[in-house]
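Below: the structure, in structure tokens.
The values are calculated or read from the model by the stated rules, or taken from the named source; none is laboratory data. Every value quoted in this text rests on a predicted model; they were computed, and no experiment measured them. Neighbour counts are summed over all protein chains in view; Cβ atoms, including those assigned to glycine, are modelled from backbone coordinates with ideal geometry.
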Amino acid sequence: MTSVSSRPVARLTTPGEIVATVPLLCGYPPSDSVVVLSLRGPRRRLGLTIRLDLPQPGLAEEAAELLVERVVHDGGRAAVVVVYAGARDEPLAAAVTTACERRGVEVTEALHVADGRWTSYACTRSCCPPEGTPVPAASGLVEAQSALEGRAVLASRAELVRSLAAADGPLDRARVEQAGERWLALRQAEGVAAARRSALAAARLLLARVADGGTVDDDGAAELAVALHDVHVRDEIATWGTSSADALLSLAEQVARRTPAPHDAPVCTLLAWTAYAKGDGGRANVALDRALATDPAYSLALLLRQALDGGLPPEQVRRTMSATRRAIRSGRSRR
């Protein structure tokens, strides 16, 4: 199994190496979960990483069909199944394996992980002892690539949720509301187009600061959070992920942490969009949950939720970014 990247390729050849890499792919060590890795093409390059909570009794086949549908939609020709549970769940592993094989997807490994040890559901040879094998450390190259992409491994999904939560205090609300008043005043005084140009110029400065390792101040975060309510500003900034994905993800995270409800739906959706384009489904889902909790009717968040639930490949999000960027530049050249 290899990672899809222009950077040096990390080859994972043993079950232990695969299990050690899953937390890096999810952003946290899964628990009470079933994880399926989609492997594409004859070289079995890593595609989507799909995680579900363990299904309730009697729903293993339904969960298996949902998982394999994601793999097929991703173009996976093979898959690795990893069940994280206190006890071995033979029916679940069998259901996922059967569902994959029925759709022409080869299951190369079916593994169980508990208490820091892995066992195989299929292999009974000496290489896979029934008492389990300790999960090794992740490949140094994989860890380095994750660090370069800003993908930290947190202790749990709950910690991931906390890491993207807003500091919801009176000063935060007042600062965002004051930024909103300034935005409206600028639109009235200079016009909508001028206000958008000003917002984009300010956002570019923030992006450059973050790219250089800096942080976003509270006032800058409030200004950007307000400007993102303008869909033209939001959509153009989203296209910056084609060339500055890491910096844009960091910028969106910093602004989201400083933006309280009910003002946070646009920035959280931008964060989700950028994270998913980078293949970080865990972060994208948490950000989308927060956006839709604030505004259940926010259209871009709803569209992205449908895309994630339908297993849309991150490559398609990146292609959409590129197409939108070309359309924006073409529109400007005609003016």
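If you check A165, A137, A155, A110 for being modelled with pLDDT of 95 or more, outside any helix (DSSP H, G or I) and on the phi < 0 side of the Ramachandran plot, only one passes: A110.
With respect to the stated conditions, A238 is of a type in the set (G, A, S), within 21 Å of V317 (Cβ to Cβ), surrounded by 21 or more Cβ atoms within 10 Å (Cβ to Cβ) and in contact with a Phe, Trp or Tyr (Cβ under 8 Å, 6 or more places away or on another chain).
Conditions tested, residue by residue: (1) in the same structural domain as R204 (by TED's automatic domain parsing); (2) touching a Leu at 6+ places or on another chain (Cβ under 6 Å); (3) buried (at least 24 other Cβ atoms within 10 Å of the Cβ); (4) not aromatic (F, W, Y).
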| residue | (1), (2), (3), (4) |
| --- | --- |
| L224 | yes, no, yes, yes |
| A227 | yes, no, yes, yes |
| D230 | yes, no, no, yes |
| L251 | yes, yes, yes, yes |
| L292 | yes, no, no, yes |
| L300 | yes, no, no, yes |
| L303 | yes, no, no, yes |
| G311 | yes, no, no, yes |
| S322 | yes, no, no, yes |
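Close Cβ contacts (under 9 Å, 6 or more residues apart or on different chains) running from residues in the stretch 49-71 that are over 23 Å from P314 (Cβ atoms) and assigned by TED's automatic domain parsing to the domain that holds V96 to residues that are aromatic (F, W, Y) and buried (at least 18 other Cβ atoms within 10 Å of the Cβ) comprise L54/Y84. None of E109, E90, E131 is of a type in the set (D, E, K, R), out of contact with any Gly (no Cβ under 7 Å at 6 or more places or on another chain) and touching a residue at least 40 places away in the same chain (Cβ under 8 Å) except E109.
Summed over the stretch 191-241, residues that are part of a loop (DSSP other than H, G, I, E, B) and in contact with a helix residue (DSSP H, G or I) (Cβ under 8 Å, 6 or more places away or on another chain) total 6. Return a yes/no flag: does the stretch 230-241 have any residue that is under 21 Å from Y298 (Cβ atoms) and among the polar types (S, T, N, Q). Checked the stretch 230-241: at least one residue is under 21 Å from Y298 (Cβ atoms) and among the polar types (S, T, N, Q).
Every residue, every condition in (1) part of a helix (DSSP H, G or I); (2) farther than 22 Å from A158 by Cα; (3) touching a Cys at 6+ places or on another chain (Cβ under 9 Å), yes or no:
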position	(1), (2), (3)
A20	yes, no, no
Y28	no, no, no
R70	yes, yes, no
A78	no, yes, yes
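Counting residues in the stretch 267-278 that are surrounded by fewer than 23 Cβ atoms within 10 Å (Cβ to Cβ) and modelled with pLDDT under 95 gives one or more.
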